[in-house]
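See below for the structure under consideration.
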Amino acid sequence: MLFRLSAIEESLLQFRDSFDSINDSLSIRRESFTEVMVDQILQAYDYLNGLLRKRMDLFTPAGLHSLLELNHIVLCGNSPEERQAYYQHIVETRKSFQEKIMPIKTWVLANREGDKAYKLATGFYTRMLSRPQLFLEGNHRTGNIILNYLLVSKNRPPYIVSPETAGRYLDLSGDIKFTSKENALETAFMMPGHARNFQDFLKDNGREVWLCGMEET
């Protein structure tokens, strides 16, 4: 299966148009969600579709380069001029990524067997989003794309943010974001509850509408 870009764009634009009212209801307010962000997320999904056609595994040594590229696209798009303007940031992001990815990759590879798709996607998301975060910026957007890759790899529908579900999704993500992997008490007592809540959310809100067949473009 591939990601249906037109349906994803529709959901993201509806979310953008409703963002101000959604932001007012959140436990922690977020930065504005812009049309540029929508365009770059769509570019990232288009790139991911190309990887799916090639049957690229993002958690192999070769695939990790593509996983990092998803974050670059989310933040900078595909424009060579933008990449040049963000060159130093890209270099720093690569360094941070190389320092942090191995425990996450190891966990994903150890938990991919079987049919526990939501545990897999949630486990990845909590590990990359909790402090210290995997990427310097764009962790929510990139993390959502990669958890959807993991869900689709297990024949489960993806979750794309929409006005109806955005408030709950962003608050759950905020709970995870402000939990520290380096704090043993938070890891033992807070993260399991956050993970269960997020896992249930993914089960309830994934939709096939955001997917299409390999023959479609």
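The values are calculated or read from the model by the stated rules, or taken from the named source; none is laboratory data. Note that the structure is predicted; figures quoted are calculated from it, not measured. Ideal geometry is used to build each Cβ from the backbone, glycine not excepted, and the neighbour counts take in all protein chains shown.
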Any chance the stretch 190-206 includes a residue that's surrounded by fewer than 20 Cβ atoms within 10 Å (Cβ to Cβ) and within 22 Å of H72 (Cβ to Cβ)?
no
If we scan the stretch 75-86, do we find a residue that is on the phi < 0 side of the Ramachandran plot, surrounded by 14 or more Cβ atoms within 10 Å (Cβ to Cβ) and under 15 Å from the mean Cα position of the chain (by Cα)?
yes
Residue pairs qualifying under the 6 Å Cβ cut-off, at least six apart or on distinct chains, with the first in the stretch 57-76 being under 15 Å from L134 (Cβ atoms) and the second being charged (D, E, K, R) and assigned to a helix (DSSP H, G or I), are F59/K105; V74/R141
Hey, L109 modelled with pLDDT of 95 or more, surrounded by fewer than 19 Cβ atoms within 10 Å (Cβ to Cβ) and aliphatic (A, V, I, L, M) or not
yes
Run down Y169, Y149 and say which single residue is among the aromatic types (F, W, Y), in a helix (DSSP H, G or I) and closer than 16 Å to A195 by Cβ.
Y169
Restricting the stretch 112-133 to residues that are hydrophobic (A, V, I, L, M, F, W, C) and in contact (Cβ under 8 Å) with a residue 40 or more places away in the chain, the residue that is surrounded by the fewest Cβ atoms within 10 Å (Cβ to Cβ):
L129
Here are the criteria: (1) more than 24 Å from K203 (Cα to Cα); (2) not in a helix (DSSP H, G or I). Tell me which single one I73 does not satisfy.
(2)
Selection count, the stretch 103-123, where residues are among the basic types (K, R), over 14 Å from H194 (Cβ atoms) and either out of contact with any Leu (no Cβ under 9 Å at 6 or more places or on another chain) or not in a helix (DSSP H, G or I) (or both)
2
Restricting to the stretch 124-146, give me the number of residues that are of a type in the set (F, W, Y) and part of a helix (DSSP H, G or I).
2
Which one of these is polar (S, T, N, Q) and modelled with pLDDT of 95 or more: S66, S79?
S66
So for the stretch 49-65 (the condition being surrounded by 18 or more Cβ atoms within 10 Å (Cβ to Cβ), assigned to a loop (DSSP other than H, G, I, E, B) and out of contact with any Ser or Thr (no Cβ under 9 Å at 6 or more places or on another chain)), does at least one residue qualify?
yes
Would you mind finding the one in S162, S173, S180, S153 that is within 23 Å of L26 (Cα to Cα), among the small types (G, A, S), surrounded by fewer than 19 Cβ atoms within 10 Å (Cβ to Cβ) and at pLDDT 95 or above?
S162
